[in-house]
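The values are calculated or read from the model by the stated rules, or taken from the named source; none is laboratory data. Since the structure is predicted, the reported quantities are computational estimates derived from the model, not experimental observations. Neighbour counts run over all protein chains shown; Cβ positions are idealised from the backbone, glycine included. Ligands, DNA and RNA are excluded from the accessible area calculation, which covers all protein heavy atoms including side chains. Shrake-Rupley method; radii C 1.70, N 1.55, O 1.52, S 1.80 Å.
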Amino acid sequence: MDQDTIGRIVQGDREAFRALYDEHFEYAMRTAMLVTKNGEWAKDAVQESFLRVYRNIWQYDRGKPFKPWFYCILLRECYRVMEREKKIVPFGEQLDRFAVEQKLPDTSLDVYEALQALNDLYRIPLILKYLHDYSEREIADILELNVNTLKSRLLKGREKMRDILGGEPHGSKA
């Protein structure tokens, strides 16, 4: 992100903010969809994230990259929206809770479905690492974690993905 654009936004230039919005919207929506697993929740999180950026751009440290700062805000909004929406359970979902046991994964299961099946604890770091190419240090900062904790979650997340997809573990079972 051009520092001149950030400076113009701080001064109240709406066109500069529109350029920032246009540049980051699609990427933010894809990320929010992966995190929330719900289109409406993703829209809410992205909209609220951009509002927070607009209101708090003066707090942004121009010495650091913009994207990690923005995605930290986006992830917090995703979590907030998910927590708010979890309190409201639609009737159809209540009926789904009584459904028959799910079938085991088969060879037709794709990576996206496997990723969505993971707990947020493992899914979010995997998304940031492998879909958004953040470094482990950047992810640890975004998620406010110790780097070793993050590495552990990435390892366990990869193992869980492997299990879901039916892959073989490395090494011997002896």
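Quick notes on this structure:
- Complete set of residues in segment 1-24 that are open to solvent by 30 Å² or more (accessible area, probe 1.4 Å) and free of Cβ contacts under 8 Å to residues at least 24 places away in the same chain: Asp2, Asp4, Arg8, Gln11, Gly12, Asp13, Arg14, Glu15, Arg18, Ala19, Asp22, Glu23
- Residue count for segment 113-139 satisfying the condition of being open to solvent by less than 20 Å² (accessible area, probe 1.4 Å) and either of a type in the set (Phe, Trp, Tyr) or touching a His at 6+ places or on another chain (Cβ under 6 Å) (or both): 1.
- Across segment 31-55, the qualifying residues are those that are without any contact (Cβ under 8 Å) to a residue 24 or more places away in the chain and within 20 Å of Glu113 (Cα to Cα), and the one among them that is least open to solvent (accessible area, probe 1.4 Å) is Gly39.
- Matching residues in segment 56-68 - criterion: being among the aromatic types (Phe, Trp, Tyr) and either surrounded by fewer than 20 Cβ atoms within 10 Å (Cβ to Cβ) or in the same structural domain as Ala114 (by TED's automatic domain parsing) (or both): Trp58, Tyr60
- Taking each residue of segment 135-161 that is assigned by TED's automatic domain parsing to the domain that holds Tyr122 and under 10 Å from Tyr122 (Cα atoms) and looking for partners that are among the acidic types (Asp, Glu) and not in a loop (DSSP other than H, G, I, E, B) with beta-carbon atoms closer than 8 Å, six or more apart or interchain, yields Leu150/Glu136; Leu154/Glu136.
- For segment 91-108, the condition of being over 13 Å from the mean Cα position of the chain (by Cα) and either buried (at least 17 other Cβ atoms within 10 Å of the Cβ) or at pLDDT 80 or above (or both) holds for none of the residues.
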